[in-house]
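Throughout, read-outs are computed from the coordinates displayed, never taken from laboratory work. The model shown is predicted, which means the values in this text are computed figures rather than measured ones. Virtual Cβ from ideal backbone geometry, glycine too; neighbours counted across all protein chains shown.
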Amino acid sequence: MSGVGGIIVETEAYLPDDAASHSYGGMTERNRAMFGPSAQAYVYLSYGLHWCLNFVCLPASAVLIRAIEPKWGLETMRERRGVSRDRLLCSGPGRIGQALAINMEQNGLPLWREPFCLRLPEARPEISAGARIGISKAVEQPWRFGLANSNFLSRKF
DNA sequence: GCTCGGATGGTCT
DNA sequence: GACCATCCGAGCG
């Protein structure tokens, strides 16, 4: 996203047949991107004011990007966020949306080229799992994943 | 450190 | 008209 970003440290999975997933109940105008090809972005507006970024995986499945350890373009992200503490730059899906200037223009864009730039980690990281955050259905599913020892989580595992 | 509640608007029933 | 995959600031300890 024009030179801003970092290391993804927290995600949540949303599957087909998952009552907490936007894809649950079939395709609508809003969630159309979720039913499209894999490896594209799915963007939606949360609570009327937060843009949230997902990666579409299998059909009707997506991974919500919940937290990033800021690495690149810190000044730009600080300006967009209006915060001084780097801890709060990208620690939460809505904060990521603001820091990366996410909006509907990215909805449905492929992830393998500009404005995205995805890389695998050099070493396989230790991934922790836990219950998802901020949902009211399928609460018990442990489909929140991330780096438990990161300082940039939206919440501890 | 914590909890609580308001802001805010698209989507779906 | 209710429901949200949220954030932030105020108030309190």
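The table below lists the values:
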item: Some residue of segment A:60-72 being more than 14 Å from the chain's Cα centre (by Cα) and away from DNA strand B (no atom under 16 Å from the Cβ); result: yes
item: Residue, farthest from A:G146 (Cα to Cα), within segment A:1-49, restricted to residues that are assigned to a loop (DSSP other than H, G, I, E, B) and among the charged types (D, E, K, R); result: A:E29
item: Restricting segment A:20-30 to residues that are of a type outside the set (D, E) and more than 9 Å from DNA strand C (Cβ to nearest atom), the residue that is surrounded by the most Cβ atoms within 10 Å (Cβ to Cβ); result: A:M27
item: Scope segment A:19-41; condition touching a residue at least 40 places away in the same chain (Cβ under 8 Å), more than 12 Å from DNA strand B (Cβ to nearest atom) and either closer than 20 Å to A:Q141 by Cα or under 16 Å from the mean Cα position of the chain (by Cα) (or both); matching residues; result: A:A20, A:A39, A:Q40, A:A41
item: Filter result (crowded, with 16+ Cβ neighbours inside 10 Å and touching a helix residue (DSSP H, G or I) at 6+ places or on another chain (Cβ under 9 Å)) within segment A:116-157; result: A:F116, A:F152, A:S154
item: Exclusive hit being within 16 Å of DNA strand C (Cβ to nearest atom), in a loop (DSSP other than H, G, I, E, B) and among the aliphatic types (A, V, I, L, M), set A:I68, A:I96, A:I135; result: A:I135
item: Filter result for A:R87 (in contact (Cβ under 8 Å) with a residue 60 or more places away in the chain and assigned to a helix (DSSP H, G or I)); result: yes
item: Odd one out for A:R78 among (1) in a helix (DSSP H, G or I); (2) in contact (Cβ under 8 Å) with a residue 12 or more places away in the chain; result: (2)
